[in-house]
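Below: one structure, written as structure tokens.
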Amino acid sequence: MLRRVNPIIKLRWRSTLAACAIAITATVAHGAPATTRFEHAISNLPGKSLVAVEVDFAPGQISTPHHHARSAFIFAYVLSGTIRSQVEGEPARDYRAGDTWYEAPGAHHLQARNMSTSQPARLLAVFVVDSDDTTLTTPDKPGQGVSR
């Protein structure tokens with residue numbers, strides 16, 4: 001006997017699976033250890049998910065240049081330490097614990113660097129992203145510089 005699956009339940013499962021895939025991708029692309037802290041479909045914005053990822057930087061660590069998903073709006077909050085961040089077309093800025101910034105959809109992130117050579121740094125990156133965007137962050141290919 002075949003049972004029909006309620007379309008709302010099917011949509012919730014698809015959103016949950018997409019959020020899991022997004023979270024897994026986010027943890028490896030920055031080059032810094034990352035842990036998904038929260039992920040959930042946004043019920044009043046069909047097709048959108050919220051994913052929060054904690055990124056740890058060892059003393060002096062620099063992330064690899066990367067692009068974020070074209071649909072991803074990112075809010076970053078420094079939990080500890082000082083992190084230098086630079087998005088293409090903008091100057092590098094230093095952010096200390098408690099500071100925030102955002103990155104627009106499709107941003108090319110040139111660097112995120114722990115400014116301390118002796119203490120770790122940590123940030124929380126919160127993504128609002130299309131639920132079917134399973135790749136939050138894509139490292140630049142070798143030799144890929146700033147696009148003009």
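The values are calculated or read from the model by the stated rules, or taken from the named source; none is laboratory data. The model shown is predicted, which means the values in this text are computed figures rather than measured ones. Glycine also receives a Cβ, built like all others from the backbone with ideal geometry; neighbour counts cover every protein chain displayed.
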Show the residue pairs that are 6+ apart or on different chains and have beta-carbon atoms under 6 Å apart, the first residue being within region 79-100 and within 16 Å of A125 (Cα to Cα), the second being surrounded by fewer than 14 Cβ atoms within 10 Å (Cβ to Cβ).
T82/D94; T82/R96; R84/A92; R84/D94; Q86/A92
Which condition from (1) farther than 18 Å from T138 by Cα; (2) part of a loop (DSSP other than H, G, I, E, B); (3) in contact (Cβ under 8 Å) with a residue 60 or more places away in the chain is the one that L50 breaks?
(2)
Say whether the condition of being in contact with a Pro (Cβ under 9 Å, 6 or more places away or on another chain) and buried (at least 18 other Cβ atoms within 10 Å of the Cβ) is met by at least one residue in region 88-105.
no
The one condition in (1) modelled with pLDDT under 55; (2) polar (S, T, N, Q); (3) touching a His at 6+ places or on another chain (Cβ under 9 Å) that Q86 fails to fulfil:
(1)
When residues of region 33-90 are filtered for being within 16 Å of T135 (Cβ to Cβ) and among the acidic types (D, E), how many remain?
1
With criteria (1) small (G, A, S); (2) over 18 Å from R37 (Cα atoms); (3) under 18 Å from the mean Cα position of the chain (by Cα), A121 comes up short on (2)
Per the filter on region 32-45, residues outside any strand (DSSP E or B), of a type outside the set (A, V, I, L, M, F, W, C) and either under 14 Å from L136 (Cβ atoms) or free of Cβ contacts under 8 Å to residues at least 12 places away in the same chain (or both) are S43, N44
Where in region 55-148 are the strands (runs of 3 or more DSSP E), entirely inside, with at least 3 residues that are charged (D, E, K, R) and touching an Asp or Glu at 6+ places or on another chain (Cβ under 7 Å)?
none
